[in-house]
Amino acid sequence: MSEETSSSPSPAKQDNAAEAPRAVHEGRVVSVVSRMSLTQLTLAVLVVVFIWQWLDAHRRINQLEEMVAQRLSEVSGSNQANQTLLAQSQEQVRDLGGKLSLLENRFAETQAQRAVLDALYQDISSNRDVGVLADVEQVLLVADQQLRLSANVKAALIAMQNAESRLQRLDRPGLAELRKRIGRDIEHLRALPEVDQPELSRQLESIIIAVDGLPLAQDVRPPARAKTVAAEPAEGNAWQRFWHELWQELRQLIRIEDTRQQELPLLSPEQSFFMRENVKLRLLTAKLAMMTHDQAGFRRELKTVRLWLDRYCDNTARATQQVLGEVKKLSAATIAVDVPDISPTLDAVRNYRAAQERSAK
């Protein structure tokens, strides 16, 4: 106290000293007020932020609820659709189950029918093999007859090719040997020289047609003989003319001829007709011999035709010479060939067919 009293300032200093604490107090109050207002402001901001977040969260929750409700409605609709589809599927499954049982029954019936058909097929197959072998045997028999009776190589070749095609369609391993035999016979037939019967037949037909137009030898007039003795002149007396005429008459009574020459045949119109018809008949006989491959008969008939034409027809005529040339050319043609023997193949087919028949029984 003494220090304060002793050192007390002046009134001005006292006022200043009194104002100083008040200023400090006011500063503290202002500071407290400022601190309170800042805290309140912060709290207000926090409250505002909290309210905004709460509102935003509430809004999002509402949206989520709406979305969930929409999804639930969609799921409910899809569940109803699924239930409908499930019901349809169950109904289809029931239908399919019934159909499956029906198919199983039919399958069992089909299996039974298949077993019966297999047995029937085996029976028919064996019978079919026997039938095909019988047909092949008949075809080979025809080919053998064609070769033996008429030597018709072309017809026999066609028949054997038909038999080979039938065996090939049958396609049985046991028929391989028969097919080889038939194939060898076909190769032998193909190797034979081919006789062009249509061309030879055409040539014979042309000769038959030309026979009616050939001139006969008796229809050709002999050339007039030149007079050996010139006419006597009118000079001379009556006795000379008489002896001359008498000598001419005596010369006519005696005639010298070469008897080695063949006499000219004289034919009546009826005989000429039959001669031509006989020539045609000989040519037809030659054609028949050609079809039967009778080489000797073919040449014999053509030789007879050539002799008759040479004797009764005019050899100097161009038509006769042409026909004689064609007949000579035909006589040199070869119509007979050495045909192979296919009887071993025919016997093999018969034996195989008999074995198949025994196995079928």
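Look at segment 182-196: where a residue is among the acidic types (D, E) and a partner is part of a loop (DSSP other than H, G, I, E, B) and modelled with pLDDT under 90, sitting 6+ places away or on another chain with Cβ atoms under 6 Å, you get D185/I342.
Matching residues to (1) in the same structural domain as L141 (by TED's automatic domain parsing); (2) part of a helix (DSSP H, G or I); (3) under 30 Å from D144 (Cβ atoms); (4) in contact (Cβ under 8 Å) with a residue 24 or more places away in the chain:
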{"position": "R276", "(1), (2), (3), (4)": "no, yes, no, yes"}
{"position": "L281", "(1), (2), (3), (4)": "no, yes, no, no"}
{"position": "L284", "(1), (2), (3), (4)": "no, yes, yes, yes"}
{"position": "K287", "(1), (2), (3), (4)": "no, yes, yes, yes"}
{"position": "R299", "(1), (2), (3), (4)": "no, yes, yes, yes"}
{"position": "K303", "(1), (2), (3), (4)": "no, yes, no, yes"}
{"position": "L309", "(1), (2), (3), (4)": "no, yes, no, yes"}
{"position": "V323", "(1), (2), (3), (4)": "no, yes, no, yes"}
{"position": "E326", "(1), (2), (3), (4)": "no, yes, no, yes"}
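Checking each residue in segment 158-186 for being within 24 Å of the chain's Cα centre (by Cα) and not aliphatic (A, V, I, L, M) picks out Q161, N162, E164, S165, R166, Q168, R169, D171, R172, R179, G183. Applying a threshold of 9 Å to beta carbon distances and a minimum spacing of six or more residues, or different chains, the list of pairs starting in segment 143-159 at a residue that is outside the structural domain of I186 (by TED's automatic domain parsing) and part of a helix (DSSP H, G or I) and ending at one that is of a type in the set (D, E, K, R) and surrounded by fewer than 21 Cβ atoms within 10 Å (Cβ to Cβ) is empty.
The values are calculated or read from the model by the stated rules, or taken from the named source; none is laboratory data. Since we're looking at a predicted model, the values are computed, not measured. Counting neighbours? That spans all protein chains shown, and the Cβs are built from the backbone with ideal geometry, glycine included.
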